[in-house]
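Read the structure below first, then the notes.
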Amino acid sequence: MKYVSAGDIEKYAYCPLSWWLSKKHKVVSEGGVARHRQAEEELKDIAKKEKILEVYEKASLAISVTATLAAISGIALMYTGMEETWNSFFIILSFLWLYNSLFFLYKHSKVDSILKPRYEKVILISSIGAIILALISILLRIPRNPELGRFVEIVALLWVISANILFFHSLSVSEKLIEKKVRYMPLTGEIEYIGAAYEGEEIVSEKYGIKGKPDYIIRLNEDYIPVEEKSGDSEHPYFSHVMQIIAYCMIIEDKYGSPPPYGILKYRNRQFRIPYEEKWKKAVMKIRENILRDMERGEAHRNHRSKEKCATCARREFCPEKLI
Ligand code: SF4
């Protein structure tokens, strides 16, 4: 099987001769490389922050649950007959805890939907803790081991404070993450692959005989969506770029076993969803066929009469068939 790269499909779709000349004359756009490197760095940072957040979230939950259990144990140890001062202390603690739950409930109603699940978990833990504490403070009054009980209660209180500190820290990481993430994908999306710059592994499709490295792939629910970033502005998607993103969709279909609904083409000023349709797939396969044919015969020629294309062509300097 001979493989054709999605990059070659893009160049050939622009002009077969441009593709042919690109084999001998490498033209590197400094701006394009820099932009891809920046995207790679930012995407890596997003992926790293998402992992950190997950750890914070789990740790915060684990500490809250442990604190709740410790608080219950402490009260059980004290059991009955607490001194009036300690009774008051636990009643105040219960109210503080309850206030803590109400505070998170209020914040929950104000935050962006992406943060709501995080608040919901804290509210749940906090509310359960408040209810249990309040009940125990009122009902249990006979201590079995008051000293140990008090010690456990203080530990539980410190534990709750650390859970809250951790939670607020994770919140600040989340806010920074969201600011960056919206530039690249919907907030519910996850980064599946980074091929920007030159570090990502090439993906090969045995089925279609195409290979390539999309700038990145995002996972949205069950779908894998390729994204290609372009360094210029455009009010419409260019045909050659459409062919490239469809080639990436084909690679993804083969790799993940299900076709993406669309691919995303991002220009500096706008982005477009290119539907993954049969007619585009056929066009990509036809270009692949032509590339293999031209490689076999060792030549390729201009197939258009567009002066505009020649004017913006990166290989015009070396081109024997240029129109201007
Ligand atoms: S200058 Fe024109 S004919 Fe030559 S490679 Fe570029 S687009 Fe094709």
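Cross-link pairs exceeding 25 Å between alpha carbons, from the set Lys11/Lys44; Lys181/Lys281; Lys24/Lys322; Lys181/Lys211; Lys23/Lys309: Lys11/Lys44; Lys181/Lys281; Lys181/Lys211.
For the stretch 227-324, DSSP calls about 60 percent of its internal beta bridges antiparallel. Relative protection proxy for 277-290, 204-217, from highest mean packing down: 204-217, 277-290 (other beta-carbon atoms within 10 angstrom).
Each residue of the stretch 300-312 was assigned a 3J(HN,Hα) from its phi angle through the Karplus curve 6.51 cos²θ - 1.76 cosθ + 1.60 (θ = phi - 60°); the sequence is 8, 9, 4, 10, 9, 10, 8, 5, 4, 4, 4, 4, 9 Hz, with glycine and proline shown as x.
For Tyr193, the residues 5 or more places off, or on other chains, whose built amide H falls under 5 Å of its own are Ile217. Counting charges near Ile203 (Lys, Arg +1; Asp, Glu -1) among other residues having Cβ under 10 Å from its Cβ returns a value of 0.
Whole-Hz Karplus values for the stretch 215-224 come out as 4, 7, 10, 10, 9, 10, 6, 9, 9, 10 Hz, taken residue by residue from phi with 6.51 cos²θ - 1.76 cosθ + 1.60 and θ = phi - 60°; glycine and proline positions read x. Arg219 sits with roughly 80 Å² accessible to a 1.4 Å probe, with DNA, RNA and ligands left out of the calculation. Peptides 227-233, 4-10 ranked from most to least packed give 4-10, 227-233, packing being the mean of other C-beta atoms within 10 angstrom over each peptide's residues.
Using heavy atoms of the protein chains and a probe of 1.4 Å, the accessible area assigned to Trp97 is about 20 Å².
Overall, the stretch 233-297 carries a charge dipole of about 60 debye about its Cα centre when +1 sits on the Cβ of Lys and Arg and -1 on the Cβ of Asp and Glu, all other atoms neutral. Only protein heavy atoms count here; under a 1.4 Å probe, Thr312 has an accessible surface of about 100 Å².
For the stretch 176-316, pairs of C-alpha atoms spaced more than 24 angstrom apart make up 36 percent of the total.
The values are calculated or read from the model by the stated rules, or taken from the named source; none is laboratory data. The shown structure was predicted, so the numbers you read here are calculated from the model rather than taken from an experiment. Backbone-built Cβ (ideal geometry, glycine too); neighbour counts: all protein chains shown. Surface accessibility is based on the protein's heavy atoms, side chains included, excluding ligands, DNA and RNA. Shrake-Rupley method; radii C 1.70, N 1.55, O 1.52, S 1.80 Å.
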